[in-house]
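These notes concern the structure reproduced below.
The values are calculated or read from the model by the stated rules, or taken from the named source; none is laboratory data. From a predicted model like this one, the values you see are computed outputs, not experimental measurements. With ideal geometry, Cβ positions are generated from the backbone for all residues, glycine too; neighbour counts draw on all protein chains shown.
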Amino acid sequence: MPIARILFTLPLPEPFDYTVPEGMVLEPGSYVAAPVGPYDRLGMVVEVLPDQIGMNRKLKAVSAVYDVPPMSAPMREFLSWTAKYTVSHPGMVLGMALRAREALLPSPVELRYRLAGPPAGRLTPARAKVLEQAAALGLASSSELAAAAGVSSSVVKGLVALGALEEIEEAVDLPFPAPDPELPGAVLTGEQAVAAVELREGLRSGGFSSFLLDGVTGSGKTEVYFEAIAEVLRADEDAQILVLLPEIALTQAILARFEHRFGAAPAPWHSGLNPKERRRTMREVLHGRARIVIGARSALFLPFRKLKLIIVDEEHDPSFKQEDGVSYHARDLAVMRAKLEEGAVILASATPALETVVNAEAGRYIRLRLAARPGTARLPQIELVDLRTAPPDKGKWLSPILERAMAERLAAGEQSLLFLNRRGYAPLVICKACGERLKSPGTENWLTEHRYSGRLVCHLTGYSIPKPALCPSCGAADSLIGVGPGVERVAEEVRVLLPNARIEIFSSDTAQGGEATRGIVERMAASEIDVLIGTQIVAKGHNFPNLTLVGVVDADSGLKGGDLRAGERTYQLLSQVAGRAGRAERPGRAYVQTYAPDNPAMQALAADDRDGYLAIEREVRSELGLPPFGRLAALILSAPSADLVDSFALQLAQQAPNSEGIELFGPAPAPIAVLRGRHRRRFLVKSSRNVDLSAYMAAWSTRLKVPSQVRLSVDIDPYSFL
Ligand code: ADP
């Protein structure tokens with residue numbers, strides 16, 4: 001009997017062998033169920049070996065094969081490449097590709113009803129009402145009909161018996177409507193048309209191609225990549241397209257734009273989907289029927305049949321980096337995936353990452369530039385407000401110049417946006433009697449005061465308590481006070497300043513889930529809000545035509561900490577936030593409040609000199625051999641006790657392989673030294689570009705058996721240094 005090597009969606013280092021029962025046809029990529037211990041598990045065939053006569057191993061048999069197309073060869077290659085690169089078990093990476101396993105089964109069916117003919121009997125008022133609703137709804141489930149008519153579902157059944165309604169069995173998960181590339185797009189401006197032609201030519205030549213679409217905020221990058229999508233849809237009726245966006249940019253607005261351009265909304269993939277929506281998208285992707293998918297980073301692991309174009313919009317965005325479990329950067333992996341699929345990749349941004357710019361300059365990406373906003377829209381003027389010389393009044397956070405500008409905007413019927421990347425009311429709570437700073441138990445993290453909910457919350461662990469009446473340390477009453485501003489506190493200040501303004505807060509606390517986010521974005525777009533106060537959630541891709549003023553409350557908050565990209569990120573975030581202003585006829589202006597106006601990131605913002613800033617960053621990183629001029633990897637250990645983690649870290653340090661071009665730092669306490677009761681230590685490894693750092697980390701991390709209470713994780717190209 002032939003033998004199938006099967007990789008399971010489990011943290012196992014390698015595939016297992018099974019016999020293939022008589023009559024079962026398997027090939028590499030087939031999805032199967034096979035016994036592991038007492039249970040059948042989901043797995044994928046990696047290889048099928050011919051009959052092996054005389055083999056003395058006793059193998060179990062494959063239980064079943066799923067009736068779906070096998071995983072494509074480029075996708076399998078992508079998964080094994082990813083496992084190697086990220087130093088992860090291949091089964092874990094396979095698990096990321098099979099998040100919604102019900103997608104391997106056909107859609108469940110349900111009974112639906114529609115009008116059939118004249119009833120063979122008397123019509124009660126209840127029956128008449130149901131028939132009326134059936135005429136209006138067309139095809140509906142019995143509960144929908146009953147609810148619409150305000151009767152019980154037994155009335156529906158009765159009408160079937162009378163021959164007035166007929167029962168039809170229908171799939172619950174419907175296919176996505178097909179996009180139409182022939183619908184007209186926007187009339188492109190000169191520079192947009194040039195970029196679109198270059199993209200189209202690149203795509204027509206076939207094979208792997210890669211582009212950087214480098215255009216200022218609001219320059220029409222979306223309109224331009226729509227042209228590339230249309231080209232791919234037209235050229236090959238089986239080709240599929242993936243558009244990756246930062247999670248919080250996946251709002252109704254972008255879906256509506258796709259629908260407007262292609263006559264059909266794309267298939268969505270993000271953490272807000274319910275299980276039914278997930279299995280629907282994944283099934284349609286797997287069968288090759290979903291032509292356009294729009295999703296957050298994890299959509300890159302969907303098992304497409306024929307992925308010909310990947311667009312990474314806002315490619316600089318830190319949310320493309322995943323740090324839990326298998327850590328990866330979706331932008332970097334997207335380029336590799338496009339290469340393996342022999343497809344194209346477009347990275348789009350107004351503030352591309354230094355890595356991306358360096359790649360473009362080295363000729364690895366074709367760079368397309370959009371320098372202007374279409375029509376009369378202009379980029380906003382950015383002005384620094386030096387808080388050392390123009391501070392806010394005592395107890396306030398907004399400087400007089402920003403206050404005046406907001407009052408003027410309100411009087412003119414225009415909108416303002418205040419940006420502060422801090423949720424809640426105050427980022428720190430102290431006792432004014434004893435000086436105690438309230439922390440999340442077992443950690444060094446401060447608790448944030450949330451006034452709306454009346455709670456103190458740890459934003460790292462989710463720990464939360466009602467605000468205590470007495471200081472937990474000294475017992476003093478009414479002594480706990482919030483220090484520093486969060487968005488709630490700034491809102492309080494604006495309410496006093498502009499009592500007639502309509503004010504809303506936009507943060508992950510006020511916009512939980514797509515519905516609430518959509519509500520705020522729609523109210524803002526419809527000018528039903530005068531002042532919006534938001535965290536980084538406001539920076540992403542929104543178009544608010546009547547927004548003409550942006551105020552950055554604390555531009556310096558992102559510059560603190562040891563993150564090598566702190567300056568770059570601050571520049572990107574603030575220029576994206578400022579870019580929300582003046583996107584239509586009226587010009588926009590941004591005020592950036594800072595105590596560090598001489599910082600190169602602030603100087604570059606004020607001078608609108610992105611490339612100048614990148615040049616400084618490049619010099620610093622090149623001198624220090626930091627990415628993209630060198631490589632970095634982190635190894636993080638954690639254990640319930642400090643002694644245990646320290647002694648293992650020491651042993652591991654002694655086992656580090658000697659290797660040319662490698663520098664090892666640590667072990668040191670990780671910046672978040674205690675998290676959820678676990679003590680954490682980290683090593684940082686730096687190498688030159690030509691070293692295979694993944695192979696080095698794999699060799700090192702498997703030299704010692706890891707004690708059962710210790711957790712070890714590897715992060716290649718770390719972004720957060722927590
Ligand atoms: P970006 O993705 O670069 O931020 P968008 O594609 O979102 O820019 O474009 C910004 C706004 O300008 C959108 O409302 C878009 O519909 C509009 N726009 C862009 N290009 C054109 C064009 N050629 N004609 C008309 N409107 C356009």
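Tally up the residues in segment 148-165 that are surrounded by 14 or more Cβ atoms within 10 Å (Cβ to Cβ) and either in contact (Cβ under 8 Å) with a residue 12 or more places away in the chain or over 19 Å from residue 123 (Cβ atoms) (or both), please.
Number satisfying all stated conditions: 12.
Are any residues in segment 303-334 in a loop (DSSP other than H, G, I, E, B) and within 14 Å of the chain's Cα centre (by Cα), and if so, which ones?
Once the filter is applied, which keeps residues that are in a loop (DSSP other than H, G, I, E, B) and within 14 Å of the chain's Cα centre (by Cα), segment 303-334 yields 314, 315, 316, 317, 323, 324, 327.
Quick check on segment 551-595: of everything there that is basic (Lys, Arg) and outside any loop (DSSP other than H, G, I, E, B), which residue is nearest to residue 373 (Cα to Cα)? Can you show your working first?
First pass over segment 551-595, keeping only residues basic (Lys, Arg): 560, 565, 569, 580, 583, 586, 589.
This time we only want the ones that are outside any loop (DSSP other than H, G, I, E, B), so: 569, 589.
On the way: 569: 23, 589: 15 Å.
By that ranking, first place goes to 589.
Which of (1) within 15 Å of residue 711 (Cα to Cα); (2) under 29 Å from the mean Cα position of the chain (by Cα) is the odd one out, the single condition residue 646 does not satisfy?
Only one criterion is unmet by residue 646, namely (2).
Quick check on segment 185-197. Is at least one of its residues without any contact (Cβ under 8 Å) to a residue 60 or more places away in the chain, exposed (fewer than 13 other Cβ atoms within 10 Å of the Cβ) and outside any helix (DSSP H, G or I)?
yes
Considering segment 335-374 alone, what residues qualify as being surrounded by 19 or more Cβ atoms within 10 Å (Cβ to Cβ), within 15 Å of the ligand (Cβ to nearest atom) and under 17 Å from residue 200 (Cβ atoms)?
346, 348, 368, 370
So if I check each of 647, 687, 659, 694, which one is at pLDDT below 90, polar (S, T, N, Q) and surrounded by 14 or more Cβ atoms within 10 Å (Cβ to Cβ)?
659
May I ask you to say which residue of 50, 119, 90 is more than 29 Å from residue 307 (Cα to Cα) and in contact with a Lys or Arg (Cβ under 9 Å, 6 or more places away or on another chain)? Lay out the reasoning, then the answer.
Values: 50 fails: in contact with a Lys or Arg (Cβ under 9 Å, 6 or more places away or on another chain); 90 fails: more than 29 Å from residue 307 (Cα to Cα).
Only one candidate qualifies: 119.
List pairs: first residue in segment 199-221 and farther than 18 Å from residue 334 by Cα, second residue within 7 Å of the ligand (Cβ to nearest atom) and in a helix (DSSP H, G or I) anywhere in the structure, Cβ distance under 7 angstrom, at least six positions apart or on different chains.
215/221; 220/192
Just give me the residues in segment 250-267 being surrounded by fewer than 22 Cβ atoms within 10 Å (Cβ to Cβ) and of a type outside the set (Val, Ile, Thr), in sequence order.
Answer for segment 250-267, where residues must be surrounded by fewer than 22 Cβ atoms within 10 Å (Cβ to Cβ) and of a type outside the set (Val, Ile, Thr): 252, 253, 255, 256, 257, 258, 259, 260, 261, 263, 264, 265.
Just to be sure I understand, how many residues within segment 1-34 are over 16 Å from residue 98 (Cα atoms), surrounded by fewer than 20 Cβ atoms within 10 Å (Cβ to Cβ) and of a type in the set (Gly, Ala, Ser)?
So the count comes out to 1.
Would a scan of segment 567-588 turn up a residue that is surrounded by fewer than 19 Cβ atoms within 10 Å (Cβ to Cβ), away from the ligand (no atom under 16 Å from the Cβ) and more than 10 Å from residue 550 (Cα to Cα)?
Among the residues of segment 567-588, not one is surrounded by fewer than 19 Cβ atoms within 10 Å (Cβ to Cβ), away from the ligand (no atom under 16 Å from the Cβ) and more than 10 Å from residue 550 (Cα to Cα), which makes the answer no.
Here is a check on your reading of the model: is residue 202 within 23 Å of residue 294 (Cβ to Cβ), near the ligand (Cβ under 10 Å from one of its atoms) and surrounded by 15 or more Cβ atoms within 10 Å (Cβ to Cβ)?
No; evaluated as a whole, the condition is false for this residue.
When you look at residue 40, is it surrounded by fewer than 15 Cβ atoms within 10 Å (Cβ to Cβ) and within 25 Å of residue 282 (Cβ to Cβ), yes or no?
Judged against the criteria, residue 40 is a match.
Please enumerate the residues belonging to segment 257-274 that are under 21 Å from the mean Cα position of the chain (by Cα), aromatic (Phe, Trp, Tyr) and either in a helix (DSSP H, G or I) or within 16 Å of the ligand (Cβ to nearest atom) (or both).
258
Could you check, for segment 265-286, whether at least one of its residues is closer than 14 Å to residue 179 by Cβ, of a type in the set (Gly, Ala, Ser) and at pLDDT below 95?
For segment 265-286, residues closer than 14 Å to residue 179 by Cβ, of a type in the set (Gly, Ala, Ser) and at pLDDT below 95: present.
Please state which one of 292, 311 is closer than 18 Å to residue 356 by Cα and of a type in the set (A, V, I, L, M, F, W, C).
It is 311.
Working only within segment 100-136, note down all residues that are outside any helix (DSSP H, G or I), under 39 Å from the mean Cα position of the chain (by Cα) and surrounded by 16 or more Cβ atoms within 10 Å (Cβ to Cβ).
100, 107, 112
For segment 529-550, enumerate the residues that are part of a strand (DSSP E or B) and within 16 Å of the ligand (Cβ to nearest atom).
547, 548, 550
Test each condition in (1) surrounded by fewer than 12 Cβ atoms within 10 Å (Cβ to Cβ); (2) among the hydroxyl-bearing types (Ser, Thr, Tyr); (3) under 15 Å from residue 170 (Cβ atoms) for residue 141 and report the one that comes out false.
Going through (1) surrounded by fewer than 12 Cβ atoms within 10 Å (Cβ to Cβ); (2) among the hydroxyl-bearing types (Ser, Thr, Tyr); (3) under 15 Å from residue 170 (Cβ atoms) one by one, residue 141 breaks only (1).
Return a yes/no flag: does segment 162-175 have any residue that is in contact with a helix residue (DSSP H, G or I) (Cβ under 8 Å, 6 or more places away or on another chain) and either in a helix (DSSP H, G or I) or basic (Lys, Arg) (or both).
No: zero hits.
Of the numbered conditions (1) of a type outside the set (Asp, Glu); (2) more than 16 Å from the ligand (Cβ to nearest atom); (3) crowded, with 21+ Cβ neighbours inside 10 Å; (4) over 25 Å from the mean Cα position of the chain (by Cα), residue 380 fails exactly one; give the number of that condition.
Answer for residue 380: the failing condition is (2).
Given (1) in contact with a helix residue (DSSP H, G or I) (Cβ under 8 Å, 6 or more places away or on another chain); (2) of a type in the set (D, E, K, R); (3) surrounded by fewer than 17 Cβ atoms within 10 Å (Cβ to Cβ); (4) at pLDDT 85 or above, identify the lone condition not met by residue 530.
(3)
Given the residues 224, 232, which is the only one that is of a type in the set (Val, Ile, Thr) and within 11 Å of the ligand (Cβ to nearest atom)?
Values: 232 fails: within 11 Å of the ligand (Cβ to nearest atom).
After ruling out the rest, the residue left standing is 224.
Run down 290, 338 and say which single residue is out of contact with any Gly (no Cβ under 9 Å at 6 or more places or on another chain) and assigned to a loop (DSSP other than H, G, I, E, B).
So the residue among 290, 338 that is out of contact with any Gly (no Cβ under 9 Å at 6 or more places or on another chain) and assigned to a loop (DSSP other than H, G, I, E, B) is 290.
State all residues of segment 205-221 that are more than 16 Å from the ligand (Cβ to nearest atom) and surrounded by 19 or more Cβ atoms within 10 Å (Cβ to Cβ); if no residue qualifies, say none. Spell out the reasoning first.
Initial filter on segment 205-221 (more than 16 Å from the ligand (Cβ to nearest atom)): 205-210.
Result: 209, 210.
Can you tell me how many residues in segment 711-722 are crowded, with 19+ Cβ neighbours inside 10 Å and assigned to a loop (DSSP other than H, G, I, E, B)?
Selection size over segment 711-722: 3.
On the given criteria, is residue 254 modelled with pLDDT under 95, more than 14 Å from the ligand (Cβ to nearest atom) and among the hydrophobic types (A, V, I, L, M, F, W, C)? Please lay out each step first, then the result.
Values: modelled with pLDDT under 95: yes; more than 14 Å from the ligand (Cβ to nearest atom): no; among the hydrophobic types (A, V, I, L, M, F, W, C): yes.
It is false that residue 254 is modelled with pLDDT under 95, more than 14 Å from the ligand (Cβ to nearest atom) and among the hydrophobic types (A, V, I, L, M, F, W, C).
Of these, 312, 293, which one is away from the ligand (no atom under 16 Å from the Cβ) and either within 17 Å of residue 97 (Cα to Cα) or in contact (Cβ under 8 Å) with a residue 12 or more places away in the chain (or both)?
Of 312, 293, the one residue that is away from the ligand (no atom under 16 Å from the Cβ) and either within 17 Å of residue 97 (Cα to Cα) or in contact (Cβ under 8 Å) with a residue 12 or more places away in the chain (or both) is 293.
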